[in-house]
Amino acid sequence: MRRRSAAGYAFARMNRQDRGARIVLRVDSETKALVERAARAVGRRLTDFCVTALTEAARDAIERNGAIVLSANDRAAFFDALVRPPNPNARLRRALREERVRIAT
C-alpha cells in the first residue's frame, strides 16, 4: 500500500503538462541506493519520493529562514527606536524636502 504526504498527493495529481520543468541531479551510487531504498520503504516511485522530499525540504528551509530572529538586546534597541525615534538630522530633513518637491511636480 502506498502512503503519501500532502506534497506527494499534490505531485500525483499533476498532469504531464504541469511537469515541464526539470531538475537534474547527479549523486554517487551509495546515495542513489539509499534514496531508492527509502522510496521503496514508503511504497513510492523514485521520482515521486524525490519531488516530495525536495518540496518539503524547500518549504522547511523557507519557513526556518523566513523570519528575522533578534537577540534580546537587538529586540530592545528595535522597540526603543520605534517608541522613541531619534530626531531627524539635516540630511533626513533635506531628503524629505526634496521628496515633497518631487511628488508635487
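Take region 54-85 and flag every residue that is touching a Leu at 6+ places or on another chain (Cβ under 7 Å) and not in a helix (DSSP H, G or I). Walk me through it before giving the result.
Taking region 54-85 first, the residues touching a Leu at 6+ places or on another chain (Cβ under 7 Å) are 78.
Listed by number, the list is empty, since nothing qualifies.
Looking at V51, is it within 23 Å of the chain's Cα centre (by Cα) and in a helix (DSSP H, G or I)? If you could, list the steps in order and put the result at the bottom.
Details: within 23 Å of the chain's Cα centre (by Cα): yes; in a helix (DSSP H, G or I): yes.
Against the criterion (within 23 Å of the chain's Cα centre (by Cα) and in a helix (DSSP H, G or I)), V51 qualifies.
Every condition in (1) part of a helix (DSSP H, G or I); (2) surrounded by 12 or more Cβ atoms within 10 Å (Cβ to Cβ); (3) modelled with pLDDT of 95 or more is met by G8 except one, and the failing one is (3).
The values are calculated or read from the model by the stated rules, or taken from the named source; none is laboratory data. From a predicted model like this one, the values you see are computed outputs, not experimental measurements. Virtual Cβ from ideal backbone geometry, glycine too; neighbours counted across all protein chains shown.
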